[in-house]
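Inspection log for the structure reproduced underneath, given as structure tokens.
The values are calculated or read from the model by the stated rules, or taken from the named source; none is laboratory data. Computed from a prediction, not measured in an experiment: that's the story for all the values here. The protein model used for the area step is the full one, side chains on, heavy atoms only, and it has no ligands, DNA or RNA in it. Shrake-Rupley method; radii C 1.70, N 1.55, O 1.52, S 1.80 Å.
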Amino acid sequence: MARPHKVEGREATRELLIRAAAEAFAKHGSAARLEDVAAAAGIRRASLLHHFPSKRALYAAVVAAALAALRGRLLAAAASSVGYEATLGAVTAALRAFETEESQLAAVLLRELLDAPAEDTSVENALAEFLDVVQSIALAAGAAERARPDEVRAAIAHLVFGELARLALGQRAARFWGAADAIWPLTRRFFLMAAHENEAEPTPAGESK
């Protein structure tokens, strides 16, 4: 009987597969071939399936790894900052740095959210948990003093999904967003807002108060 591979080797192979899969999925979406992913990692398709039993399992692992890495960076950035605006700046800078390094992952995440079967909510749950972390950072830094938690959550979702779409479009994004990098000005506008007042919500068209 062959001796089992070392755990370190298994983890290194998983990381290689996840990296290769991220590039393949970003370029080809669900049409990416497992044979090509395996070859890029230096193994055979059968060995890949030993680590990930299906393409969807590999897809989910790519997304989970990216979100876990980004979550760690954001938490570290928040922990090293003092004050509301400084924390926002550090978290935004960490997010931008990660996006620059891992720009191909935006397309992977969006494709998975759109293509996943209704019963498979693993990636959806992972993204929701990531947004929970970002919301917690913002609230702990002082966002709750300026806006309701649901407003903070909505602002975070708009920024995150807007960035995903911008990155996924690549060079075509400039046609919609313009050439300037406006993430920090937008973050300031969303989160350095005046303290929330109990204003009457606008009434949707066609409804009476």
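The heavy atoms of Val91 offer some 20 square angstrom of accessible surface to a 1.4 angstrom probe. Here the chain has 56 percent of its accessible surface on carbon and sulfur atoms, given a 1.4 Å probe and all protein chains in place.
Sorted largest first by accessible area at a 1.4 angstrom probe radius, with every protein chain in place, the residues Leu192, Leu88 fall in the order Leu192, Leu88. Remark: relative contact order (the chain) = 19 percent; criterion is Cα-Cα distance under 8 angstrom and separation of 6 or more residues.
Calculated [222 nm] ellipticity per residue, helices only, for the chain: -22500 deg cm²/dmol; basis is -39500 (n - 2.57) per DSSP H run with n ≥ 4, divided by all residues, nearest 500.
Solvent-accessible surface of the chain, taken per residue with a 1.4 Å probe and all protein chains present: 61 Å².
Candidates [x] 1.21; [y] 1.26; [z] 1.13; which is the computed Cα Rg over 2.2 N^0.38 Å? Correct label, based on the coordinates given: [x].
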